[in-house]
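See structure below.
Readers should treat all values here as calculations from the given coordinates under stated rules, not as data from a laboratory. This is a predicted model, so every value here is computed, not measured. Ideal geometry is used to build each Cβ from the backbone, glycine not excepted, and the neighbour counts take in all protein chains shown.
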């Protein structure tokens, strides 16, 4: 008697669990499902899509925007936004090349890049955390200012590296995998661990979800925010090094332009909430890949480059509509 | 059924994810009746009212309005049947004016299609006058007291010709004189034939204003009847399944050294000349009406507000509180009021909310140890009787009482010497309330210094050895818990009497 009674709720529970499980899978990993779907469609539409070289090509192309998007994810999880990433990338690139040419030392050039990128991010953080300026405004200012300094320094044109070996960063490979892909993967793992396994990451989620409660939980909100923007700046400098190294030059006027929009798109497709507090690094990783596949597919199918923006815009909006919103 | 009944709900059933929440609930409300809907959090009150308000649809059961069966599919159809739902969190647009809020979504327009501001203002004034209040309809809602916001919500319901108004814990953020105003209003509404369903945890209020009651427990109606005939103790017994008397929670802890000493603290326009001490093992209370400055005072002591002068000593050391982090380091913890805005991080899991202020305890070479967090949570879950099956769900899915316990666990894990509780039982049902009082007593017995801020005299009377009464930013009296009464406290809280605090206490 007691046995049969216990059995029924158990079975009911199981059903509920399965249903909850599916719901959970969808809400947490809808971006991966979308990715698989687009991947399968792409492989049907173009036979060359599945080619290993093409696959690596996609990865290579998204690595720079991917690294920028990782930083953008952290910023957006904290409830902010960073519009300055593209301009800062150009500025870092310009100063890195100057430092490279002046010192003749690749290591010094890389360190310069890190310092400039993090400093720009630090300034963003300072304005936002201590100056209480909305992140949109503060980074909009930084976007204009950084581009202007880059243009002034490079006299509006491009500057090229004169040290052999610098191009190796973006153009060498291990086995058949290019360095930028490896750097992107390593950065993804690094930021993932930072967000999931450290105090810093937990604080970022808390601040993005409820800043007042985070402050009343004795979290040093200002410091964390400065850290968030500094990290974003540091990741931009990593991306800037790859971008500069790839062609051994950087354009002060066009490099990095509209990167902020691609990065924000990737983060949103990846399921991070605009207002912060919710989202995942893994989501952004697949969001970046989805954008990469779309670009690649349209190139393979000879879609006019003028129309590619339209398709991308459409996909972004569709992706967001299909994601579970609350 | 009597022909006088306005609304009848029959055998309503509702399940979420296969878990039944309502198991055949029936409810009848007559015209011009104030009906109390009682029950602990999770008993199904909100679900039942959400069905009536058109927020969700029932799985089974019928609803009759004026004897005719109706289907309520959304909030609009609920409104068209004359039902208004005033939620616990007021849904006012604070940056709009009073009349704009009143007519939000149903604005009056003149022939040209422009807004007819004058007419809207006149109608607003008329309705407010009927309720016996005078507010300029062009005032911004953000400049009004909470009680007035409540009034505007009710006026809005009247504007839509509502015949039934559902009030979900309307008094939880009101001071006592505001509550009185609300009750007068409810009686007026009743006279004019409007029915009210009143959800509250406060039995005294039920006794004061309600005619009939229905008690829900675990999705069933466990009792109903006339309020005036029934003994309050019995109703409480029905709600929790056991009796809770208005006892004083005695505790006999040895008073240790002074843990927190505040001297001559003031902040322009908020509070002034604040002096008090609290010793280890002692529970002291701060009570006052809205605008007394007690919350602001303790937010300053916790470092949340920076602009203050005066001296704060924790364990004999002078500390300048510029940031809550300094308070935490010095050994002061703070469980804030308005849990949803100030305490819980709704996107974080239950476990992560618990560990948020003491993540250092769970780190190993810079990495958080999920296992350790879980084990610690299990310890507090047991200790504080937190009801949650899967602690990885986000905290907003728990009931108010359980959320509060998680927040308390958070500060227990920090292990501060001084713990400040601001309105610790706000929006919490009777059973959980008692548990929380018990935990507060235990803290004192373990040698913590505990400070309780409350707007309910009965709460501080239950727990505190010393009660500080505040009025307009000043401490007007210090009373001994065993020797004072609610009446005496209220006299000082309303500014009717004022003691020179130093002589008062010695």
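How many angstrom separate the Cα center of segment B:441-500 from the Cα center of segment A:33-91? So the two Cα centres are separated by 60 Å.
Dimensions of segment A:193-299 from C-alpha coordinates, computed as largest minus smallest value along each principal axis and given longest first, are 50, 28, 23 Å. Counted by neighbouring Cβ atoms within 10 Å, the residues A:48, A:273 run from fewest to most as A:48, A:273. For chain A, the relative contact order is 32 percent, taking Cα pairs closer than 8 Å that sit 6 or more residues apart in sequence and dividing their mean separation by the residue count. Distance distribution note for chain A: the fraction of Cα pairs above 34 angstrom is 28%. GNM on chain A, C-alpha springs below 10 Å: top fluctuator among A:88, A:68, A:115? Of A:88, A:68, A:115, the most mobile in the Gaussian network model is A:115. When B:210, B:121, B:464 are sorted by how many other C-beta atoms sit within 10 angstrom of their C-beta, beginning with the fewest, the order is B:121, B:210, B:464.
Counting neighbouring Cβ atoms within 10 Å and putting the fewest first, the residues A:166, A:190 line up as A:190, A:166. Relative contact order of segment B:5-240: 28 percent, from C-alpha pairs under 8 Å at least 6 residues apart in sequence. Roughly how far apart, in whole Å, are the Cα centres of segment A:145-221 and segment A:230-268? Rounded to whole Å, the Cα centres lie 9 Å apart. I'd like the distance separating the alpha-carbon centroids of segment B:328-346 and segment B:72-101, in whole Å. About 31 Å separates the Cα centre of segment B:328-346 from the one of segment B:72-101. Normalised size of segment A:23-172, defined as Cα radius of gyration per 2.2 N^0.38 Å with N residues, equals 1.31. Once you order the gyration tensor axes a ≥ b ≥ c over the Cα atoms, which shape class does segment B:138-209 get: rounded for a/c under 1.5, otherwise prolate or oblate by comparing a/b with b/c? Oblate shape, in that a/c is at least 1.5 and b/c is the bigger or equal ratio. The relative contact order of segment A:32-143, computed from alpha carbon pairs under 8 Å that lie at least 6 residues apart in sequence, is 26 percent. With Cα atoms as the point set, segment B:4-93 shows a radius of gyration and Dmax of 13.0, 37 Å. Judged by the mean number of other Cβ atoms found within 10 Å, the most tightly packed of the peptides A:91-101, B:313-323, A:196-206 leads the ranking A:91-101, A:196-206, B:313-323.
Sorting the Cα pairs of chain B by distance into bins of 10 Å, from 0 upward, gives 4, 17, 26, 25, 18, 8, 2, 0 percent per bin. A Cα-only calculation for segment B:364-501 places Rg and Dmax at 18.1, 59 Å.
Between the helical axis of A:135-153 and the longest alpha-carbon principal axis of chain A there is an angle of about 30 degrees. Computed over segment B:344-415, the Cα gyration tensor eigenvalues convert (square root of 5λ each) into semi-axes of 19, 12, 11 Å, ordered from largest to smallest. Here the convex hull built on the C-alpha positions of the protein assembly as shown has a volume of 229 cubic angstrom per residue.
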